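The values are calculated or read from the model by the stated rules, or taken from the named source; none is laboratory data. Predicted model only: the values in this text are computed from it and were never measured. In this analysis, Cβ positions are derived from the backbone assuming ideal geometry, glycine residues included, and neighbour counts consider all displayed protein chains. These accessible areas exclude ligands, DNA and RNA; they are computed on the full protein's heavy atoms, side chains included. Shrake-Rupley method; radii C 1.70, N 1.55, O 1.52, S 1.80 Å.
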Amino acid sequence: RMLQRIGWAPDDCRSARFRAGEGCKACYFTGYRGRVPVLELLILTEGVREGIMARCSSAQIRAVSREESNMMTLLEYGLLKAAGGETTIEEVLRYIPRLTKPRSLNELNRQIGIHM
């Protein structure tokens, strides 16, 4: 059901290692230990600069950055972390805003150099 919420089909996620936290006394029965950073880097390309100077909305600037420099959004990076078993989809969806529909897992893996 979580995959449907983000627009991914189960067949597109065969290579993913999604996990669910079980919980124990050490983690206070949350199923989580430690923290996993989730990052987004906006590169100041010419298009982004022009958008800023023209006072475009953040959504418009984000779209330009995704097109020009293949910027990976917070949501996409978090979903990659979940697909790698470093966190869960539930945690990603709980804490990271869904501003745009994420690209497919295959496309994100290609972007970071993993070919499946």
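Overview of results
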item: Number of the condition not met by residue 5 [criteria: (1) charged (D, E, K, R); (2) open to solvent by less than 100 Å² (accessible area, probe 1.4 Å); (3) in a helix (DSSP H, G or I)]; result: (2)
item: Filter pass, residue 54 being at pLDDT 90 or above and either open to solvent by less than 60 Å² (accessible area, probe 1.4 Å) or in contact with a helix residue (DSSP H, G or I) (Cβ under 8 Å, 6 or more places away or on another chain) (or both); result: no
item: Residue satisfying condition, being more than 18 Å from residue 112 (Cβ to Cβ), free of Cβ contacts under 8 Å to residues at least 40 places away in the same chain and either part of a helix (DSSP H, G or I) or not aromatic (Phe, Trp, Tyr) (or both), within set 61, 43; result: 61
item: Any pair with Cβ under 8 angstrom, 6 or more apart, that starts in the range 21-33 at a residue that is part of a loop (DSSP other than H, G, I, E, B) and ends at one that is hydrophobic (A, V, I, L, M, F, W, C); result: 21/27; 23/29; 31/20; 33/26; 33/27
item: Residue check for residue 73: of a type in the set (Val, Ile, Thr), surrounded by 14 or more Cβ atoms within 10 Å (Cβ to Cβ), touching a residue at least 24 places away in the same chain (Cβ under 8 Å) and out of contact with any Leu (no Cβ under 9 Å at 6 or more places or on another chain); result: no
item: Which numbered condition residue 87 misses (of (1) open to solvent by less than 20 Å² (accessible area, probe 1.4 Å); (2) closer than 16 Å to residue 31 by Cα); result: (1)
item: The range 25-42, subset in contact with a helix residue (DSSP H, G or I) (Cβ under 7 Å, 6 or more places away or on another chain) and open to solvent by 80 Å² or more (accessible area, probe 1.4 Å), residue nearest to residue 74 (Cα to Cα); result: 39
item: Residue list for the range 8-24, filter: of a type in the set (A, V, I, L, M) and either farther than 17 Å from residue 92 by Cβ or open to solvent by 60 Å² or more (accessible area, probe 1.4 Å) (or both); result: 9, 20
item: The range 94-112 residues that are part of a loop (DSSP other than H, G, I, E, B), paired with ones that are among the aliphatic types (A, V, I, L, M) and surrounded by 14 or more Cβ atoms within 10 Å (Cβ to Cβ) (beta carbon under 6 Å, 6 or more apart); result: 96/74; 96/75; 98/75; 102/6; 102/75; 102/79
item: Selected residue [open to solvent by 60 Å² or more (accessible area, probe 1.4 Å) and within 12 Å of the chain's Cα centre (by Cα)] from 98, 94, 49; result: 98
